[in-house]
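The structure appears right after this line, and notes come after that.
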């Protein structure tokens, strides 16, 4: 059972939930004070420790360390270089776990890896070579600690189970830390996640995590808030179980997470040679939470998240009992959303069961030592079969892989027909084990967004991904691909002890923190390019709506596809050609046309007839237009853009392609909105988007002055093909002083150059 409280709650003595203040008084003898009780959460104390502003409501945070992988670190370092960085001012971990397949795109992936190594030497960073560890496994093992804060350019930067408040953000926010600036954020609300009970045998961390995501995602219950895990159920969970649940908090759209720490936390840190990083973390005697997610772990069932979101959950038994109806429903929903090839799920039900084509246990969520050992217990002496079904296992780190070899679990899996893979994040974003057209893949990974498995509907290729726990994936493999809940098996789980070999990292990881060597030359591959110049904002703005998306949510994968496109992430111009390519292939040519108009305007002052007609229509309504002071660009409309990845390319590619603004009812995540701001694209909010449509022009007079003065909203004008002009209101949402200046300066790089 998962229950969401419709009111704030108090937690008394770390154990008793009280929705009524009178209950608190009966337990403590005192009337609770919400203001002081807010200060008794774990999150409050960690934020207070890292806040530089002196204002508890408006935070300016500095982090203890940062981390990036090889899809994001080149752009971040290039931005910081252009902004005057001389050395990394805090430990910065550069991992190489996303673009590890170096044959893709020629030498450019390995070129980036060598760039990162040279940057680690020059600026004093930490370089983790390809295939040695995925980003989050490495940070759990070496960087996380109680009371710390870590900022990462991967959206699943979550180490709350180890007492670390970690935040996944776009590259601009990391660049700010690298040049000594702060992460500015209004103090978030804190939601208690109260765990009680004990999971049944066969229930794994993904079953718990997906159940929570399903309960809170669609209603926005924890959006941009902190999830604080408390309650007696925590004590019965291993650290790897906690870590695997915690990393999935990203899919709830919460801002960060934190857990109560205990003796198991201490044992984990001690095992990894970092006993000094342990501290007991717990809420105070009476702690106030803005809401509560009550989770009875004993009630959790084997769970599956069907395409195309981790919140699209069913119990496996529910799916089996209603297979034809649910498969048809999910298939129709997917085919309505995706343009091009059609998903086929209904045919997977035959002979009385649902049959899948592929299984994956991988990465920061599935590739944990405990989950892989449990999968080995299920498959020991069994066979995955020699038909179409296949199962691949990707351990999170080489220390985990070494222990799996030593204790024989790797051999158990291999003997059952499992493919043991390297430490690689590819299955999470379509760069590894992409299924064939028409196939259905079950994965213990973080996401099953559209085309996350690597399919290309526009080219006739379509596959589907469902998320499941490693245990049920292994149970399915044991049955040759017939979907099976692990709770249906009678398995004696062995839970072997883990022995960590820190020498594996000592022999391969370059650790230059605190020892920069500025004389080191950065190593540039031919695909690594500087950011193009971005113009400052003019007095007025004219944009053409070059994509109009009415889906309820637009993911960052749709804004800039993952997978093979990531090979070009170090070349802004080439990568921008992929913007919205799978969702709206006409966006790029439309936006490029607007970019050329702006280039011609700034070079020679010439304007095409289409723009002159727009200006005539505005003039006929009494509006004054000065073409020399009116920036011309493109814009997109989407109901709620930016769910998912922290990759700044979702915004920077629009900007490089000529984007000047986004229009939305709301933004799915803070990180995507921050990415838009850091790349100089105004993130407008609109109440009635039906006023304008695809290819309409929108004129926003006085935008520069309005942003600088902190005006909350202003009047914009939609100009249609027939020259009709309709005024409507656009608002900015909350903008900090630095964010307003960044927008006016044109981007974060310009802001640092100017200030």
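The values are calculated or read from the model by the stated rules, or taken from the named source; none is laboratory data. Source: prediction; values computed, not measured. Cβ coordinates were reconstructed from backbone atoms using ideal geometry, including for glycine residues, and neighbour counts include every protein chain displayed.
As a summary of the residue check, residue 199 satisfies the conditions (1) over 19 Å from the mean Cα position of the chain (by Cα); (2) under 22 Å from residue 299 (Cβ atoms); (3) buried (at least 24 other Cβ atoms within 10 Å of the Cβ) except for the one numbered (3). Counting only residues that are crowded, with 24+ Cβ neighbours inside 10 Å and on the phi > 0 side of the Ramachandran plot, segment 418-468 holds 2 of them.
With respect to being crowded, with 24+ Cβ neighbours inside 10 Å and more than 29 Å from residue 422 (Cα to Cα), residue 119 falls outside the description.
Yes/no matrix, rows are residues, columns are (1) crowded, with 24+ Cβ neighbours inside 10 Å; (2) assigned to a loop (DSSP other than H, G, I, E, B):
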| position | (1), (2) |
| --- | --- |
| 251 | yes, no |
| 265 | yes, no |
| 270 | no, no |
| 280 | no, yes |
| 284 | no, yes |
| 287 | yes, no |
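Residue 383: in contact with a strand residue (DSSP E or B) (Cβ under 6 Å, 6 or more places away or on another chain) and touching a residue at least 24 places away in the same chain (Cβ under 8 Å), yes or no? Criteria not met by residue 383.
Flag set for residue 602, criterion: at pLDDT below 95, within 41 Å of the chain's Cα centre (by Cα) and surrounded by fewer than 16 Cβ atoms within 10 Å (Cβ to Cβ).
Within segment 173-212, the set of residues being assigned to a helix (DSSP H, G or I) and either over 30 Å from residue 679 (Cα atoms) or touching a strand residue (DSSP E or B) at 6+ places or on another chain (Cβ under 7 Å) (or both) comprises 173, 174, 176, 177, 205, 206, 207, 208, 209, 210, 211, 212.
Candidates are the residues of segment 722-737 that are over 24 Å from the mean Cα position of the chain (by Cα) and outside any strand (DSSP E or B); the one that is surrounded by the fewest Cβ atoms within 10 Å (Cβ to Cβ) is 722. Within segment 395-408, at least one residue is under 24 Å from residue 246 (Cβ atoms) and part of a strand (DSSP E or B).
Only one entry of 333, 341 meets the criterion of being surrounded by fewer than 20 Cβ atoms within 10 Å (Cβ to Cβ) and in a loop (DSSP other than H, G, I, E, B), and that entry is 341. Number of residues in segment 98-131 that are assigned to a loop (DSSP other than H, G, I, E, B) and touching a strand residue (DSSP E or B) at 6+ places or on another chain (Cβ under 7 Å): the value is 1. One residue alone among 547, 581 is in a strand (DSSP E or B) and in the same structural domain as residue 691 (by TED's automatic domain parsing), and that residue is 547. Out of 744, 719, which single residue is in the same structural domain as residue 634 (by TED's automatic domain parsing), under 31 Å from the mean Cα position of the chain (by Cα) and modelled with pLDDT of 95 or more? When all the criteria are applied, what remains is 744.
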